[in-house]
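Enquirer: The structure that follows is given in the form of structure tokens.
The values are calculated or read from the model by the stated rules, or taken from the named source; none is laboratory data. Please read all numbers here as calculations on a predicted model, not as lab measurements. Backbone-built Cβ (ideal geometry, glycine too); neighbour counts: all protein chains shown.
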Amino acid sequence: MINIITSIIPIDAMTSPKRYTTIPVRKETLDKLRGYKVGGATYDDLINDLLTVHPPEEFFHEHLRRLRGEKRRTWAEIREELDL
């Protein structure tokens, strides 16, 4: 008797491999990131989660406000104002 083991792999997973790149960071930064990484999460998952918490649009609005010379605010004040 012959046992046959089959795997089900989505077609798109075979035809479109994930593309990754290298991001140079200091060892201290990598150590900090490791502190946020839990379970089977990848660094890609972690970075996307962090970006979700700090949306780029709000970051740019704050950057433009500072360029206009308005009073500087802490991230805690900004998060409070945005109910984050």
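Enquirer: Is there a residue being of a type in the set (Lys, Arg), modelled with pLDDT of 80 or more and either surrounded by 11 or more Cβ atoms within 10 Å (Cβ to Cβ) or not in a loop (DSSP other than H, G, I, E, B) (or both) anywhere in region 3-26?
Expert: There is no residue in region 3-26 that is of a type in the set (Lys, Arg), modelled with pLDDT of 80 or more and either surrounded by 11 or more Cβ atoms within 10 Å (Cβ to Cβ) or not in a loop (DSSP other than H, G, I, E, B) (or both).
Enquirer: Quick check on region 49-84: of everything there that is surrounded by 11 or more Cβ atoms within 10 Å (Cβ to Cβ) and within 23 Å of ARG19 (Cβ to Cβ), which residue is modelled with the highest pLDDT?
Expert: ASP49
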